[in-house]
Number of protein chains: 2
Amino acid sequence: MSKQLKYLLDEEHIPRSWYNIQADLPEPLPAILHPGTGEPIQPSDLAPLFPMALIEQEVSQERLVEIPEPVRDIYRHWRPSPLFRARRLEQALETPARIYYKYEGVSPVGSHKPNTAVAQAFYNREAGIERLSTETGAGQWGSALAYAGTIFGLAIEVYMVKVSFRQKPYRKAMMEAFGARCVASPSEETRAGRAVLEEHPDSTGSLGIAISEAVERAAEREDTNYALGSVLNHVLMHQSVIGMEAEQQMEMADDYPDIIVGCTGGGSNFAGIAFPFIGNKLRDGTGVRAIAVEPAACPTLTRGPYAYDFGDTAHLTPLVKMHTLGSTFVPPGFHAGGLRYHGMAPLVSHLQELQLIESRAYNQLECFEAGSIFARAEGILPAPEANHAVKGAIDEALRCKAEGQARSILFNLCGHGHFDMQAYIDYFDGKLSDEDHDASELAMALAGLPSVG
Amino acid sequence: MSKQLKYLLDEEHIPRSWYNIQADLPEPLPAILHPGTGEPIQPSDLAPLFPMALIEQEVSQERLVEIPEPVRDIYRHWRPSPLFRARRLEQALETPARIYYKYEGVSPVGSHKPNTAVAQAFYNREAGIERLSTETGAGQWGSALAYAGTIFGLAIEVYMVKVSFRQKPYRKAMMEAFGARCVASPSEETRAGRAVLEEHPDSTGSLGIAISEAVERAAEREDTNYALGSVLNHVLMHQSVIGMEAEQQMEMADDYPDIIVGCTGGGSNFAGIAFPFIGNKLRDGTGVRAIAVEPAACPTLTRGPYAYDFGDTAHLTPLVKMHTLGSTFVPPGFHAGGLRYHGMAPLVSHLQELQLIESRAYNQLECFEAGSIFARAEGILPAPEANHAVKGAIDEALRCKAEGQARSILFNLCGHGHFDMQAYIDYFDGKLSDEDHDASELAMALAGLPSVG
């Protein structure tokens, strides 16, 4: 039996194009609506926030969009990322399944986020922009944009959800090491932040609030644009390099995934690993099940209706159709800070409506347990977000065992947990619980959904 | 011009043997002496602490020692580690030098330490040992042995230097995630620890003290052996996989290093990258300069005499001839906890006497500055220990610039700084200073050197 654990590709195999699943959709995405008129927005409506190159990517129907060489040259620092066969995990689970994971923790900031951060910084620099403002949850995205800012000479301002800002001072330190400015959100720096603090002085923040702050700062300054780390079509497309590389690596392993698992906050890492394979299925019928795993405390895909909603709390963004818990929903302060978004990427939401993907929700304790099993078997301590994907993969592997089926499971290990050690300490010390969302707060947030679409 | 940044090898290129520089030495190592008799020790004298397989490696004169397949199978999880060409750093420095770095931060615990931890755990398990006790400075070694213990089913006890135990709670959490027990040293658990605490209740500890504690615990229990993370010949030999892989990767780059740089605490990562190349020089005269970089606050190679000394503070170990600051020397609590050892590997010390390597010392502020420059250029935040190697490489690159020489520089980036963010925060906040060692304490420690050899 082969003992090979790693499937490595050299730099020449970094994809030359991103994959855009919009080209293969059986039904197009619902339009993005202007919040004032309720009419479909025009590309020019987005121009105060984004460079035209990214706006074009947002609505592109091209299957392949060329990756600019300066972006590929930065990708070379960590891409192609390795694909691992989790042989020791398979043994620990005594499963006949073949488990593979794509490991994005090898990037400069330890997650998949630089795949789009570098691209966004490049296009903004090309458009003459000097500063980007953004939000961050656990800090993965903020540090990725900080890194990209250093590379392309852009100033970076990060509004970091307050609960994570407090839990993860080292993520802030990493952003600062890359030269970025990091502010706890809600802050006193914006109208949106001040409005929240007036009503809830102790607010621990949410991605929705932080987005409002970052959008407000970008909209009010000529030299500043806004950057989003997930949700939008162009962001998901930039992440397709994950799945496109994984396709080549599964071929090296002489295998093809029966099941693909990713965790979902805004949806980008799940889309990155799954969409290229779903594209194959759409074009030639190659069977694959794609499973999106989310936290039970923020159950967007599994509990949220598919409806038009705002991307942010202060309602500064356009209206997009997505699975949502309501833009004012604030999930409990659980440790997977990167999965605390009230909405879900329109593309991921749309695919669920088309029954092209499945979704499920897990509690945080069972995810930390899965992550600990994985760490002892494979030697990598996953980020709390990634533990959701680990848990999903382990459950599928155990189902294979129960059914005596030797299926092939591929999951995205989207980041390492080196900046999340306090969460592991709390878990080992028995201080974590399965905080659920507040049902009445969810009902209220859902009642506030705008009546359009 | 090629844009390639990474030189990757597949698992088949993991070396099948370790390289033992003792086979190529122009003069043999001075004997290890029994502390009671002053006579050369016998292998059996070491049997209470180490399995015979490792004792044989310690004194072996074979050039190549086969790596057991179960060890190679675990190496597959991260080895061969990547070799990078630091093109963006070269550009930032405007140097004609070609700078390469071997990156050991891809290992399960983020440093080179698992290379020997896995081997030591394997041989101890083979010998029927059930528990290993050890010391750790910054926690890199302790977490590496904790990982290896999980792999081979050994209980691990780690005595962690108190200053690092306090500075790095997350390293402790990682050890615990891998199932190890971690104790702040000096502790009340051992005679050696209690003796130090009686005299210095506020002692922040030292590697010498922690070694005494771990050795004492191993010596008093039948089922327990001791494991050391550096200094000893067999440890340095296990690290030779670094340099042996780098040789293959430099060949892929169609280059050969003129200069090799590594940081030195006990000496193992420097030996790992440099010894295979020094072996080439000894056998066929291929020119290479090897530079060992140490902290000015613990300047073993640059300021310590070459003399017989104990490896630990309580004088439980044999006497080895090495560059030493005296076994009672306690360096100031600077942040590169992995470089705080009072002595230096006998092999590294011997090579310096034979003028086969050079050494130099840097202050911590200039090392953090170098690490920050590196992080912004290459996207990897180095461990404070590794910053010493970065500083050495940058200085050599700037000398190339001044002299108009396009030399090839290879350094070992022995670990990432994800568990050292507080040190970076302190550095950015201007809270770090260039703490020097206490001259009178050094003089006293040197006056206490044993009068043998």
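The values are calculated or read from the model by the stated rules, or taken from the named source; none is laboratory data. Fair warning: this is a prediction, and the values are worked out from it, not measured in the lab. Don't worry about glycine lacking a Cβ; one is built from the backbone with ideal geometry, like all the others, and counts go over all protein chains shown.
Within the stretch A:356-453, which helices (runs of 4 or more DSSP H) (wholly inside it) include 1 or more residues that are touching a Cys at 6+ places or on another chain (Cβ under 6 Å) and more than 13 Å from B:A177 (Cβ to Cβ)?
Values: elements: A:364-378, A:384-403, A:421-428, A:439-447.
By residue number, A:384-403.
State whether one or more residues within the stretch A:116-130 are polar (S, T, N, Q) and within 20 Å of B:A375 (Cβ to Cβ). Give the steps one after another, and end with the answer.
We begin by selecting, within the stretch A:116-130, every residue polar (S, T, N, Q); these are A:116, A:120, A:124.
Going one step further and asking which of them are within 20 Å of B:A375 (Cβ to Cβ), we end up with none.
There is no residue in the stretch A:116-130 that is polar (S, T, N, Q) and within 20 Å of B:A375 (Cβ to Cβ).
Which of the numbered conditions does A:E396 fail, given that it passes all the others? Conditions: (1) farther than 30 Å from A:G311 by Cβ; (2) within 14 Å of chain B (Cβ to nearest Cβ); (3) among the acidic types (D, E); (4) within 24 Å of the chain's Cα centre (by Cα).
(2)
Determine whether A:G371 is under 29 Å from A:E245 (Cβ atoms) and not acidic (D, E).
Numbers: under 29 Å from A:E245 (Cβ atoms): yes; not acidic (D, E): yes.
Judged against the criteria, A:G371 is a match.
I'm checking my understanding of the structure. Among residues of the stretch B:245-281 that are modelled with pLDDT of 95 or more, of a type in the set (G, A, S) and buried (at least 24 other Cβ atoms within 10 Å of the Cβ), which one is farthest from B:A23 (Cα to Cα)?
We begin by selecting, within the stretch B:245-281, every residue modelled with pLDDT of 95 or more; these are B:245-264, B:267-281.
With of a type in the set (G, A, S) added as a condition, the list becomes B:246, B:253, B:262, B:267-268, B:271-272, B:274, B:279.
Filter once more, so that each one left must be buried (at least 24 other Cβ atoms within 10 Å of the Cβ): B:246, B:262, B:267-268, B:271-272, B:274.
Numbers: B:A246: 20, B:G262: 22, B:G267: 19, B:S268: 18, B:A271: 15, B:G272: 16, B:A274: 15 Å.
Residue satisfying both the conditions and the ranking: B:G262.
Tell me which residues, restricted to the stretch B:90-109, are under 19 Å from the mean Cα position of the chain (by Cα), of a type in the set (A, V, I, L, M) and surrounded by 24 or more Cβ atoms within 10 Å (Cβ to Cβ). Show your work before the answer.
Narrowing the stretch B:90-109 to residues under 19 Å from the mean Cα position of the chain (by Cα): B:101-109.
Filter once more, so that each one left must be of a type in the set (A, V, I, L, M): B:106, B:109.
If the condition is that a residue be under 19 Å from the mean Cα position of the chain (by Cα), of a type in the set (A, V, I, L, M) and surrounded by 24 or more Cβ atoms within 10 Å (Cβ to Cβ), then B:V109 is the only one that fits.
Does B:L145 meet the test of being more than 30 Å from B:L381 (Cα to Cα), in a helix (DSSP H, G or I) and at pLDDT 95 or above?
So B:L145 fails the test.
Could you please give the count of residues in the stretch B:374-432 that are under 24 Å from B:E245 (Cα atoms) and among the basic types (K, R)?
The number of residues fulfilling the criteria is 2.
Looking only at the stretch A:167-213, how many residues end up being of a type in the set (S, T, Y) and not in a loop (DSSP other than H, G, I, E, B)? Let's see the steps before the verdict.
Our first condition is that a residue be of a type in the set (S, T, Y); within the stretch A:167-213, this holds for A:170, A:185, A:187, A:190, A:203-204, A:206, A:212.
If we keep only those that are not in a loop (DSSP other than H, G, I, E, B) too, we end up with A:170, A:185, A:212.
Total meeting the criteria: 3.
Could you run through the stretch B:91-117 and say how many residues are small (G, A, S), part of a helix (DSSP H, G or I) and more than 10 Å from chain A (Cβ to nearest Cβ)? Full working, then the answer.
Filtering the stretch B:91-117 for residues small (G, A, S) gives B:92, B:97, B:105, B:107, B:110-111, B:117.
From the residues that got through so far, the ones that are part of a helix (DSSP H, G or I) too are B:92, B:105, B:117.
Within this subset, residues satisfying the condition of being more than 10 Å from chain A (Cβ to nearest Cβ) are B:92, B:117.
Residues that pass the stated criteria total 2.
Assess whether B:V390 counts as being within 20 Å of B:V106 (Cα to Cα), among the β-branched types (V, I, T) and either away from every other protein chain (no Cβ under 14 Å) or buried (at least 20 other Cβ atoms within 10 Å of the Cβ) (or both). Step through it out loud before you land on a result.
Details: within 20 Å of B:V106 (Cα to Cα): yes; among the β-branched types (V, I, T): yes; either away from every other protein chain (no Cβ under 14 Å) or buried (at least 20 other Cβ atoms within 10 Å of the Cβ) (or both): yes.
Considered against the rule, which asks whether it is within 20 Å of B:V106 (Cα to Cα), among the β-branched types (V, I, T) and either away from every other protein chain (no Cβ under 14 Å) or buried (at least 20 other Cβ atoms within 10 Å of the Cβ) (or both), B:V390 comes out as yes.
Take B:R407 and decide whether it is within 14 Å of chain A (Cβ to nearest Cβ) and either basic (K, R) or touching a strand residue (DSSP E or B) at 6+ places or on another chain (Cβ under 6 Å) (or both).
no
With the condition kept exactly as written, say whether any residue in the stretch B:425-436 is surrounded by 15 or more Cβ atoms within 10 Å (Cβ to Cβ), over 21 Å from the mean Cα position of the chain (by Cα) and either under 19 Å from B:F270 (Cβ atoms) or without any contact (Cβ under 8 Å) to a residue 60 or more places away in the chain (or both).
Looking for residues that are surrounded by 15 or more Cβ atoms within 10 Å (Cβ to Cβ), over 21 Å from the mean Cα position of the chain (by Cα) and either under 19 Å from B:F270 (Cβ atoms) or without any contact (Cβ under 8 Å) to a residue 60 or more places away in the chain (or both), one finds at least one in the stretch B:425-436, hence yes.
Yes/no matrix, rows are residues, columns are (1) more than 29 Å from A:H77 (Cα to Cα); (2) part of a loop (DSSP other than H, G, I, E, B):
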site	(1), (2)
B:I273	no, no
B:L282	yes, no
B:V293	no, no
B:A297	yes, yes
B:T302	yes, no
B:H335	no, yes
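Take the stretch A:360-374 and flag every residue that is within 14 Å of chain B (Cβ to nearest Cβ) and either under 19 Å from A:T302 (Cβ atoms) or buried (at least 23 other Cβ atoms within 10 Å of the Cβ) (or both). I'd like the intermediate steps shown before the answer.
Pass one, the stretch A:360-374, residues within 14 Å of chain B (Cβ to nearest Cβ): A:368-374.
Scanning the stretch A:360-374 gives A:F368, A:A370, A:G371, A:F374.
Which condition from (1) in contact with a helix residue (DSSP H, G or I) (Cβ under 7 Å, 6 or more places away or on another chain); (2) surrounded by fewer than 16 Cβ atoms within 10 Å (Cβ to Cβ); (3) at pLDDT below 95 is the one that A:A406 breaks?
Of the numbered conditions (1) in contact with a helix residue (DSSP H, G or I) (Cβ under 7 Å, 6 or more places away or on another chain); (2) surrounded by fewer than 16 Cβ atoms within 10 Å (Cβ to Cβ); (3) at pLDDT below 95, the odd one out for A:A406 is (3).
Anything in the stretch B:214-224 that is touching a strand residue (DSSP E or B) at 6+ places or on another chain (Cβ under 8 Å) and either within 14 Å of chain A (Cβ to nearest Cβ) or in a loop (DSSP other than H, G, I, E, B) (or both)? List them, or say none.
So in the stretch B:214-224, the residues touching a strand residue (DSSP E or B) at 6+ places or on another chain (Cβ under 8 Å) come out as B:214-215, B:217-219, B:221, B:223-224.
The answer is B:R221, B:D223.
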